[in-house]
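What follows is a short report on a single structure.
What follows is calculated from the coordinates using simple rules that are stated; it is not laboratory data. Remember, it's a predicted structure, so these values are computed and weren't measured experimentally. Cβ atoms come from the backbone with ideal geometry, glycine included; neighbour counts cover every protein chain shown.
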Amino acid sequence: MNPHYNQNYTKKQIDEVLNKIKSCVENHRYTIALNENRKENIDFINEYNIRSDKQKHILMQLRTEDFCYTLQNTKSGYEDEILYVFVPQVILFNAVGEKEIIDVYIKFNIINMPNGNRTVVISFHKRNKPVDYLFR
């Protein structure tokens with residue numbers, strides 16, 4: 001596994017992180033990155049016709065057991081941020097209506113703001129590399 005990946009967490013710590021993420025999602029304080037640098041997210045959402053209500057459902061169904069690791073943000077100016085990676089298995093329907101079980105790679109950034117947390121879903125696409133689950 002990449003030496004920059006951190007799995008030094010207890011189940012309780014990840015439960016707390018997941019509660020923050022789900023609170024943000026529940027309160028509409030989240031964004032899925034869909035800019036020009038996130039073509040993989042856009043293509044995935046379009047390929048499986050994942051509307052915003054389904055996106056929210058996927059995020060709300062995350063479990064502690066879906067957690068893989070954290071990594072430091074390497075973007076200039078954001079090096080102090082920790083990114084959380086979860087990879088749940090989700091049932092989706094492809095363009096021809098066939099049911100597929102997909103490993104969805106979801107990478108979060110939790111931003112602490114004066115008026116409460118926000119979360120940015122940086123990655124939301126098919127898993128494209130091997131991952132190690134911490135609690136499986």
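Data table
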| read-out | value |
| --- | --- |
| Cα gyration tensor category, rounded, prolate or oblate, for segment 1-91 with a/c compared to 1.5 | oblate |
| Ranked packing of 31-38, 75-82, most packed first, by mean Cβ within 10 Å | 31-38, 75-82 |
| Value at 222 nm in deg cm²/dmol, rounded to 500, when DSSP H runs of n ≥ 4 in the chain each add -39,500 (n - 2.57) | -7500 deg cm²/dmol |
| Segment 77-133 versus segment 1-40: alpha-carbon centroid distance in Å | 7 Å |
| For segment 130-136, 3J(HN,Hα) per residue [Karplus equation, 6.51 cos²θ - 1.76 cosθ + 1.60, θ = phi - 60°, Hz, x = Gly/Pro] | x, 9, 10, 7, 6, 10, 10 |
| Lysines whose Cα lies under 16 Å from that of LYS39, excluding same-chain neighbours fewer than 8 positions away | LYS107, LYS126 |
